[in-house]
Amino acid sequence: MISSNRIDQLAKIVESLKILVYRDNNPYISVLISQAADVVTIEHKHLMESAKYSDAFKLIESFHLLSENISSDAKSSVIEHAEEAHNELLNENNLKGAKVVKDNYDLFGKNIITESMKSLTAASIEFLERALDENNIANAKSVIKEYNINKNAISLKTNKVLTSKLKSRKFIEVFEIMKEIKISALSSELLTEATTSFQESYESGQIELACNLAHHFKIKNPRTVKAFFMMWNKHIEAGRYEIALDLKKKYKIPRKKLEPVVKELYSTLMASNQTEDAAAIRRDYNINLSFWDMITEMLKSIFDKK
């Protein structure tokens, strides 16, 4: 195998002799270049197989083996070896290394071999699935952007991984993925699994989990509204009014379910001279007061400040 120093020496010799410049003026040079290309191509393969990617590309650059003047057979061989290395790096979850090879050899650009496009694309999509399965969202987003993975492929793999994670009860990972990865459509299998998880969490009293499942997967049934209301009411009873208000907006809880509770809460707050909180509840939930109740609130707010 050629060492890195020898590659540098070869590059200097090729440049100094201007072999590639004068090839058209001398048929013997053309033959020499063709023979050299065959040898260099074999050496390039060995370097790629040994994971010496920088040396391999330096060799290719030295002999201009990706130029238009090189035989198609030699050029195809170089690209094939680069593709094999690229796919292997992705299989090893080495996205950074794969990107270097992809960019150096312009694998998704001018140096693509039509029949290899499927394998290159498949390698990036399989990498995406593994990244999602390992909850490595940063890598998942990077490979989507780097390889411009289409929406259908993203949805297919994300649906598959989410379904598996729901079955394994990895709910936090499910919510993280759904927050970060855009899915064009949810599969029927995923929705069925999500509904099952919702029912189980609701029945076991895990109301917060049930609410998150219903919200993320847009599950709509009578229990959904009950779960949202129970979660909201829990914070109301604990005096966490801002959190409760955020949940009301997030879950779009029907006004008719909230109104009796907030009216009673308003009266309780007023009776205990917590006028400021009472006024906030009235505004946040659009409670309609009688004329005398409005006067009472106004007077209390004035005297409470004194």
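Overview of values
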| read-out | value |
| --- | --- |
| Flag for LEU191 being surrounded by fewer than 18 Cβ atoms within 10 Å (Cβ to Cβ), modelled with pLDDT of 95 or more and within 27 Å of ILE287 (Cβ to Cβ) | no |
| Test: residue in region 153-169 that is surrounded by fewer than 20 Cβ atoms within 10 Å (Cβ to Cβ) and modelled with pLDDT under 90 | no |
| Cβ-Cβ under 6 Å pairs, at least 6 apart or on other chains, region 71-87 side in contact (Cβ under 8 Å) with a residue 60 or more places away in the chain and of a type in the set (Val, Ile, Thr), far side part of a helix (DSSP H, G or I) and buried (at least 20 other Cβ atoms within 10 Å of the Cβ) | none |
| Enumeration of residues in region 214-229 that are in a helix (DSSP H, G or I) and among the aromatic types (Phe, Trp, Tyr) | PHE228, PHE229 |
| Flag if LYS179 is under 18 Å from the mean Cα position of the chain (by Cα), without any contact (Cβ under 8 Å) to a residue 24 or more places away in the chain, in a helix (DSSP H, G or I) and under 25 Å from ASP246 (Cα atoms) | yes |
| Region 193-213: number of residues that are part of a helix (DSSP H, G or I), under 22 Å from ALA244 (Cβ atoms) and without any contact (Cβ under 8 Å) to a residue 24 or more places away in the chain | 3 |
| Residues within region 56-70 that are in a helix (DSSP H, G or I) and at pLDDT below 85, tallied | 5 |
| Some residue of region 135-155 being part of a loop (DSSP other than H, G, I, E, B), in contact (Cβ under 8 Å) with a residue 12 or more places away in the chain and farther than 27 Å from PHE57 by Cβ | yes |
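Every residue, every condition in (1) under 46 Å from the mean Cα position of the chain (by Cα); (2) of a type in the set (A, V, I, L, M); (3) surrounded by fewer than 17 Cβ atoms within 10 Å (Cβ to Cβ), yes or no:
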position	(1), (2), (3)
ILE236	yes, yes, no
GLU242	yes, no, yes
LYS250	yes, no, yes
GLU259	yes, no, yes
SER272	no, no, yes
THR275	no, no, no
ALA279	yes, yes, no
ASP284	yes, no, yes
SER290	no, no, yes
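Here's the yes/no breakdown for (1) surrounded by 15 or more Cβ atoms within 10 Å (Cβ to Cβ); (2) on the phi > 0 side of the Ramachandran plot; (3) at pLDDT 95 or above:
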site: SER72; (1), (2), (3): no, no, no
site: GLU88; (1), (2), (3): yes, no, no
site: ASP106; (1), (2), (3): no, yes, no
site: PHE127; (1), (2), (3): yes, no, yes
site: ARG130; (1), (2), (3): yes, no, yes
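The values are calculated or read from the model by the stated rules, or taken from the named source; none is laboratory data. Just so we're clear, the structure is a prediction, and the values are computed from it rather than from any experiment. Quick reminder, even Gly has a Cβ in these numbers, built from the backbone with ideal geometry, and neighbours come from all protein chains shown.
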